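Below is one structure, written out as structure tokens; the observations come after it.
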Amino acid sequence: MTNSFRATRPQAKTIESLALKNLCINNLRTGHPIFLGEPSSIGVVRVELFWPVGTKQQSTPYQASLAVDLLLSGDESHSEYDVIRYLDHLGATHSTETNLLGSSLVFRCAKKHVNDVANWVFKHVHASSYPTTEFENAVMIRRGSLERQQQTPKYWSSRIALESLYGKSHVLGAHGNLSDYQIIERGHLVDFKKQQLALNDIMLLVSGDYDQETVEHLEGLLNEFPSSGFKISFDPNDSNPSIEGPQEYNQTPLIVNHPMENTSQTSLQMVSHVVPKDQNERHRLTLLNLVLGGYFGSRLMQILREERGLTYGIGSYFRPAFQNYTWTISGELNSTHIKESIECIDEIFQSLKQNKINDEELYKIKQYYAGQFRSGFDGPFAMNSKVQHLIYRSLPNDYYNTILPNIWAVTAEEIMETANNYLHTTSFITVLSGDTTA
Amino acid sequence: MYSYNQFVLNNGLRVIHLEDKTRTTIVLNTLYNVGARDESADRTGFAHLFEHLMFSGSENVPVFDKEVEEAAGQNNAFTNNEITNYYLVMPNENVETAFWLESDRMLALNINEKSLSVQQGVVVEEFKQRCFNAPFGLLWHHVRSLVYKTSPYQWPTIGLNFHHVEEAKIEDVRSFYDLFYCPQNAIISVVGDITIEETKSLADKWFGGIVKSAPPNKNIYIPEPDQTERRFLETEDLSPNPAVFLVWRGPVFNDPKSLHLEMFSEVLGGSDVSPLQMELVKKQQLFNSSECFYLRGLGEGLFVLYGILNPDISHADGEKALYDIIQQVTDGGEDISSAYEGVKNRHVTNLLFEATQPMQLAQKLCYYANAGDIEQINHEPSIIEGIALADVMSTATATLKENNVSVIYYHPKK
């Protein structure tokens, strides 16, 4: 059998658009906003309690994340053991998350148990009083975890980069220290919960194998906690945080060294604060970032890893910074060639500023983006984070259907222009941590 | 119940198909029956290095990743001691590109000095990142060298040291490829919105013409004698706190008792209020972190239990406390019975959730087929439901003894 047909690649189709069904947020009779995903007969239900508060609202390090993490840690009449044990018994799992602007408590369980699990979770979230023992244990465990993180060069390169860019006191640059775990008190958590984490303040996101009865049951649980109005607390001034970093910033490339003993690589972090003018510029930045370091085929990965073998992984991405971004380049690099690697990054910057990317690369990044973007909506649980993204950025409900046409409309000239606006080595603070002897 | 189909091509390639009409992407997963246990003792880390080389292009695909990306797909791979697994995720409309790419590197990989040299550098950096720059990064080196004395499980997938990776020769690459990367030593699964007819047609078109003469891997290895004594290692690592690790060998994947130990690990430490957490971390405050798990492999089973010590707690006290908590759990009681019911419920819920994860499913289908019983994927919930607590405790008692344990005491590196 001949294999000559293999020389012709199968025709791949372009992923041009996404046609999402209605994406709408409704209100329960109690006034709480609720997002209901497309029901799916999978036997599992996921319910998310979403508060519009995060680390931005905290008055002391770790206050928000500890207050959210310990929402099921017990109360006057139940210990953490009692609370979690019942959830365990029903086969339910739960998790929490806290970011700059929002916090969530998610539970997932078999459909047959959803009402019992919801009763229990809502009751104990409301009653949670952060018993002293549970609070002290959580602090001990987290302190140990932070100590281990601090052994790694990556922790320090990331931390120092953000501190240098935004300043240690700014919410985008602040990091907790080990000593902060000695300062924080149980009362800080009680205060935070009282002010920020009431059931009156939540939005619900429900997905998986739920039905109308499930929704009505959740509504019933909120009857005594009428909504106080769900709103992300966003101050327009947050868009442009003052830069408290060193004065050299924006004049000459700033490189900060953080040597560490017993390390064999150099952890690199480069950060820059980016303020896109409008949605179209966000699309251009998205594509520029892909070319730079946003996927395996990016310049950083192809040149530093696939051509020179100087790293296992290097990439770039946008970290949310309120309505803007912290553009971050991050990688663990061969320490004896660190100078070569930094020069190479600069050459990539220059190349993107001086030369239009060719049609082949332009098509590849758009097609790659389109594929990842569309598949990101697959599955019964995918929409929850997409809805939260709309809320965080105050975007319209049809936003996702508009993205791909706009992405495909971006030109190579626009990407080069965007590179010239943003991609300056003097706009980035570079931190090298670990083995920095070279 | 998963209504999968399976068939075998004339060249011996096994194909599994599972239709899921709800997806916009299709997963093509390929499992090769080769892993680190197939390496020689002086060329460890080679199976993993070879995995990297599989992305270096093939006869008709000069740049593998470029083709994936232009078809709007994504891909990756992993290697362990027993298998090497590759996956491609493609938009439904471009699924044929996945068949083209995966089959072409099975047919005729582009093996050359340049890509070998570059990937040796990449893997050395991966070795440093994973093993030297992370707390307890050399754990699996220590565990495997302590637990295994004769079998090829004595080295980790990443390799005993990175010099082995640096010393690999192009002839090694060629012979490894010829020996293991053939259709009769592989299983593919296709999961997504694709019919069985289309799957058969594409599999036959792209994989059917690949004919290679090497026999399937027989998976015969130097056996490891039973461990009948306590083994001990004291070492330093990048860690702020001392730690104690206990490791036992146990039943392998196809032995039903391996599930007993998996369930036992869940009862012992699988929750925030499990005995391990409640007693040793929260009440006695001996550890600031403590976990356990059962590594359930085709040719090995390892029960790992560890605690990271709080200041002023000795290694010996930590070790004793870990034995005591095992004893406490195996002794049973009302709380343990109740916790066990929860563990079973959680297992079943997790299996339901897994049905929404096509990549996990595709990998699991290949893995179970390679293990010899793909139907386990449908029997799993009832098997778990049917495991009695007494059997779990009996297996744990018989396995987790102080006279067959391997113990590692970690000290912070100065």
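The values are calculated or read from the model by the stated rules, or taken from the named source; none is laboratory data. The shown structure was predicted, so the numbers you read here are calculated from the model rather than taken from an experiment. Note: ideal-geometry Cβ built from the backbone for every residue, glycine included; neighbour counts use all protein chains shown. Side chains are part of the model used for accessible areas, which takes the heavy atoms of the whole protein and leaves out ligands, DNA and RNA. Shrake-Rupley method; radii C 1.70, N 1.55, O 1.52, S 1.80 Å.
Between A:Thr426 and B:Val211, the distance separating the two model label sites (each 7 Å from Cα on the Cα→Cβ line) works out to 6.7 nm.
Can you give the mean number of other chain Cβ atoms that lie within 10 Å of the Cβ atoms in peptide A:361-371? Write down the numbers at each step before the final one.
Working: counts 2, 0, 2, 8, 2, 1, 7, 9, 2, 2, 13.
Other-chain Cβ atoms within 10 Å of each residue's Cβ, averaged: 4.
Placing a label point 7 Å from the Cα of B:Lys283 along the Cα-to-Cβ line, the residues of region B:294-332 whose backbone N sits under 12 Å from it are B:325, B:328-329.
Calculate the dipole size of the protein assembly as shown relative to its Cα centre from +1 charges on Lys and Arg beta carbons and -1 charges on Asp and Glu beta carbons; express the result in debye to the nearest 20.
On the way: 69 positive and 104 negative charges, 173 e Å.
That gives a dipole near 840 debye.
Of the residues A:Met140, A:Ser128, A:Ala110, the one whose Cα sits farthest toward the positive end of the charge dipole of region A:105-161, with +1 on the Cβ of Lys and Arg and -1 on the Cβ of Asp and Glu, is A:Ala110. Computed about its Cα centre, the charge dipole of region B:296-412 is approximately 340 debye, with only Lys, Arg, Asp and Glu carrying charge at their Cβ. With 31 Å as the limit on Cα-Cα distance, the pairs of B:Lys283/B:Lys401; A:Lys112/B:Lys21; A:Lys193/B:Lys413 that go past it are A:Lys193/B:Lys413. With Cα atoms as the point set, region B:174-321 shows a radius of gyration and Dmax of 22.9, 66 Å.
Relative to the Cα centre, what is the charge dipole magnitude of region B:2-108, using +1 at the beta carbon of each Lys and Arg, -1 at the beta carbon of each Asp and Glu, and rounding to the nearest 20 debye? Can you show the working numbers first?
Working: 7 positive and 16 negative charges, 56 e Å.
Computed charge dipole of region B:2-108: roughly 260 debye.
The aspartates and glutamates within cross-link reach of B:Lys257, meaning a Cα-to-Cα straight distance under 15 Å and a gap of 8 or more places when in the same chain, are B:Glu266, B:Glu300, B:Glu380, B:Glu385, B:Asp391.
Take each residue in A:46-57, count the other chain C-beta atoms within 10 Å of its C-beta, and the mean is 0.
Taking the longest Cα principal axis of chain A as reference, the axis of helix A:279-289 is set at about 60 degrees.
Using R₀ = 41 Å, calculate the FRET efficiency as 1/(1 + (r/R₀)^6) where r is the Cβ-Cβ separation of B:Glu113 and A:Glu261; round to 0.05.
Working: r = 37 Å, r/R0 = 0.89.
E(calc), rounded to 0.05, equals 0.65.
Taking a Cβ cut-off of under 14 Å around B:Ala316, the surrounding Lys, Arg, Asp and Glu residues balance to a net charge of -4, with basic ones at +1 and acidic ones at -1.
Shape of chain A from its Cα gyration tensor (a ≥ b ≥ c, root eigenvalues): rounded if a/c is under 1.5, otherwise prolate when a/b > b/c, or oblate?
On the way: a/c = 1.92, a/b = 1.33, b/c = 1.44.
The shape class here is oblate.
Per residue, the average separation of C-alpha pairs within less than 8 Å and at least 6 apart gives chain B a relative contact order of 22 percent. Relative to its Kirkwood radius, the Cα radius of gyration of region A:303-383 gives an Rg/Rh of 1.04.
Spin-label pair A:Glu224-A:Cys24: with each label point 7 Å from Cα along the Cα-Cβ axis, the two points sit 3.3 nm from one another.
Mind ranking A:366-373, A:13-20 by how tightly packed they are, going by the mean number of other C-beta atoms within 10 angstrom, highest first?
Details: A:366-373: 22.4, A:13-20: 15.1.
Most protected by this proxy first, the peptides run A:366-373, A:13-20.
Could you list, in their original order, any pairs among B:Lys66/B:Lys128; B:Lys114/B:Lys169; A:Lys56/A:Lys168; A:Lys21/B:Lys364; A:Lys366/B:Lys66 whose Cα atoms are separated by more than 20 Å? Present the calculation step by step, with values, prior to reporting the outcome.
On the way: B:Lys66/B:Lys128 28 Å; B:Lys114/B:Lys169 12 Å; A:Lys56/A:Lys168 14 Å; A:Lys21/B:Lys364 31 Å; A:Lys366/B:Lys66 13 Å.
From B:Lys66/B:Lys128; B:Lys114/B:Lys169; A:Lys56/A:Lys168; A:Lys21/B:Lys364; A:Lys366/B:Lys66, over 20 Å: B:Lys66/B:Lys128; A:Lys21/B:Lys364.
Taking other residues whose beta carbon is less than 12 angstrom from the beta carbon of B:Glu341, and scoring Lys, Arg as +1 and Asp, Glu as -1, yields -2.
Size descriptors for the protein assembly as shown: radius of gyration and Dmax over Cα atoms are 27.2, 77 Å. Can you pull the Rg over Rh of region A:346-404, Cα-only, Kirkwood? Ratio of gyration radius to Kirkwood radius for region A:346-404: 1.13. Potential lengthening of the chain between A:Ser77 and A:Tyr317 amounts to 81.8 nm, from the contour at 0.36 nm per residue minus the alpha-carbon distance. Extension gain, B:Asn5-B:Lys149: 0.36 nm per intervening residue step, less the Cα-Cα distance, totals 47.7 nm. All other residues whose Cβ lies under 13 angstrom from that of A:Glu281 are scored, Lys and Arg at +1 and Asp and Glu at -1, for a net of 0.
Take each residue in B:341-349, count the other chain C-beta atoms within 10 Å of its C-beta, and the mean is 6.
Both the radius of gyration and Dmax for region B:232-300 are 14.3, 39 Å, in that order, over alpha-carbon atoms.
List the residue ranges in chain B for DSSP H helices whose C-alpha atoms run 20 angstrom or more along the long axis and whose Kyte-Doolittle average is -0.5 or above. Can you show the working numbers first?
Values: long enough: B:113-127 (21 Å, 0.00); B:315-331 (24 Å, -0.58); B:334-354 (30 Å, -0.55).
Passing helices, by number: B:113-127.
The peptide list A:280-291, B:75-86, put in order of mean Cβ contacts within 10 Å with the highest first, becomes A:280-291, B:75-86.
What total accessible area, in Å², is buried where chains A and B meet, using a 1.4 Å probe and rounding to the nearest 100? Please report the intermediate quantities before stating the final value.
Working: alone 21210 and 18040 Å², together 32970 Å².
The summed interface area works out to 6300 Å².
Which of the residues in region A:86-126 show a loss of at least 20 Å² in accessible area from their chain by itself to the complete set of protein chains, at a probe of 1.4 Å? SASA drop of 20 Å² or more in region A:86-126: A:Asp88, A:His89, A:Gly91, A:Thr93, A:Arg108, A:Ala110. Residues of region A:325-347 falling in the label zone of A:Gln354, defined by backbone nitrogen less than 20 Å from a point 7 Å along Cα to beta-carbon, are A:340-347. Model label points for B:Glu402 and B:Glu234, set 7 angstrom from Cα along the Cα-to-Cβ axis, are 1.9 nm apart.
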